[in-house]
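*Asks:* Below: one structure in structure tokens.
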Amino acid sequence: MKVFAAIVAVLAVFSAPGNAVNLAEKATELGLTDLVSNLQTAGLADAVANIAAGTVFGPTNAAFAALPQNIKDAIAANATVLSQVLQYHVIASKVMSNQLSNDQLAASLDGRNIRINIYGQVITATGAVVSNADNEADNGVIHIVDSVMLPPDFTVTNYVVNNADFSTLLTAVQTANLGATLDGVGPFTVFAPNNAAFAKIPEADLNALLADIPKLTKVLQYHVVSGTVYSVGLSNGQEVATLSGDKLMVDISGNTVKINDATVIAANVNVLNGVIHAVDTVLMPPEAPTPTPTPIGAATTIQVGLFSTLLISLLALLM
Ligand SMILES: *[C@@H]1O[C@H](CO)[C@@H](O)[C@H](O)[C@H]1NC(C)=O
């Protein structure tokens, strides 16, 4: 009799509440309490709870806590921004993790696409790593993510246009006429050298590079990878094929990611057509001459010097 009662109790736990948990209740059950309270603040909790079928990429409380202060401030100051960010985490259909594919785009309630990537066993949603997938509720599924997903505003080109740190890169992209390409569908991964990176190149060499369109094009293509590679998709010793046809070498040690001899100084900037990683050094494809080839002037000087030495030797012989 006791055993029977226990079985009934166990069945009750598994059936009744299990069948009546909506997405909002499931989020609470999973400990995503900051997500739920933010949904309530934005007036979206009922919409998520009552959606016919939905997929929620649910950031953990730690993910909300880890948002940069300027983003926290922007969200706190503007209810529209909070609403957009939260709606960017929801798809209006139920999508289990085994239905996701690499570089898949899924329309969010915000209107902008969530970009799915799969790197081996790791799934990301606009760069946020799915740490716990397929938590089913009555009306959908929750995939827990380890960061808050920020909907992108810009394409690669527009990001470079709107960011003063990349004005030299913008000049280079415009000179090589690659702006339209990097404004296109892509997707692209761009290792973007900032102005300080270009400033490492001697001015005469940089001007020569900007004047040599075929070489400039190849150098810029060497910074672009087809497909979206967030940093979690990079591994130590990996070789990454670029649009120039040459490969980049990835070197990861601790928290430092190097691409050839360039260090990534800002990773995982979401853009509408891929991802940008800012680097501190311009990457030079292997076939291209080194950034500081021996200038013709220097070679001439050496010859003059050699000639003078010979002349002095001859004069010495004559005397
Ligand atoms: C709030 O953000 C939206 C979307 O970015 C923007 O259009 C709007 O002007 C902002 N409102 C205020 C008061 O800043």
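The values are calculated or read from the model by the stated rules, or taken from the named source; none is laboratory data. Small disclaimer: the values here were computed from a predicted structure and weren't measured. When we count neighbours, we look across all protein chains shown, and the Cβ atoms used for this are built from the backbone with ideal geometry, even at glycine. The accessibility values were calculated without ligands, DNA or RNA, using every heavy atom of the protein model including side chains. Shrake-Rupley method; radii C 1.70, N 1.55, O 1.52, S 1.80 Å.
*Asks:* For region 74-108, which positions are within 16 Å of the ligand (Cβ to nearest atom) and free of Cβ contacts under 8 Å to residues at least 40 places away in the same chain?
*Replies:* The first filter runs over region 74-108 and keeps only residues within 16 Å of the ligand (Cβ to nearest atom), leaving 74-88, 108.
The answer is A74, I75, A76, A77, N78, A79, T80, V81.
*Asks:* Same structure, new question: Can you tell me which residues in region 62-78 are under 28 Å from A20 (Cα atoms) and open to solvent by 50 Å² or more (accessible area, probe 1.4 Å)?
*Replies:* Keep residues of region 62-78 that are under 28 Å from A20 (Cα atoms), which gives 62-64.
The answer is A62, and nothing else.
*Asks:* Could you pull out the residue among A52, A47 that is modelled with pLDDT of 95 or more, part of a helix (DSSP H, G or I) and open to solvent by 40 Å² or more (accessible area, probe 1.4 Å)? Explain how you work it out, then say what you get.
*Replies:* Numbers: A52 fails: part of a helix (DSSP H, G or I).
Only one candidate passes the filter, namely A47.
*Asks:* Here is a follow-up. Is there any pair with a first residue in region 134-155 that is within 19 Å of V48 (Cβ to Cβ) and without any contact (Cβ under 8 Å) to a residue 60 or more places away in the chain and a second that is in a loop (DSSP other than H, G, I, E, B) and not charged (D, E, K, R) whose Cβ atoms are under 6 Å apart and which are 6 or more apart or on different chains, and what are they?
*Replies:* Pairs found: D134/M96.
*Asks:* Which residues, counting only those in region 165-200, are more than 22 Å from T263 (Cα to Cα), out of contact with any helix residue (DSSP H, G or I) (no Cβ under 9 Å at 6 or more places or on another chain), assigned to a loop (DSSP other than H, G, I, E, B) and open to solvent by 60 Å² or more (accessible area, probe 1.4 Å)?
*Replies:* V185
*Asks:* Can you tell which of L283, L209, L248 is in a loop (DSSP other than H, G, I, E, B) and either open to solvent by less than 40 Å² (accessible area, probe 1.4 Å) or free of Cβ contacts under 8 Å to residues at least 24 places away in the same chain (or both)?
*Replies:* On the way: L209 fails: in a loop (DSSP other than H, G, I, E, B); L248 fails: in a loop (DSSP other than H, G, I, E, B).
From the options L283, L209, L248, the qualifying one is L283.
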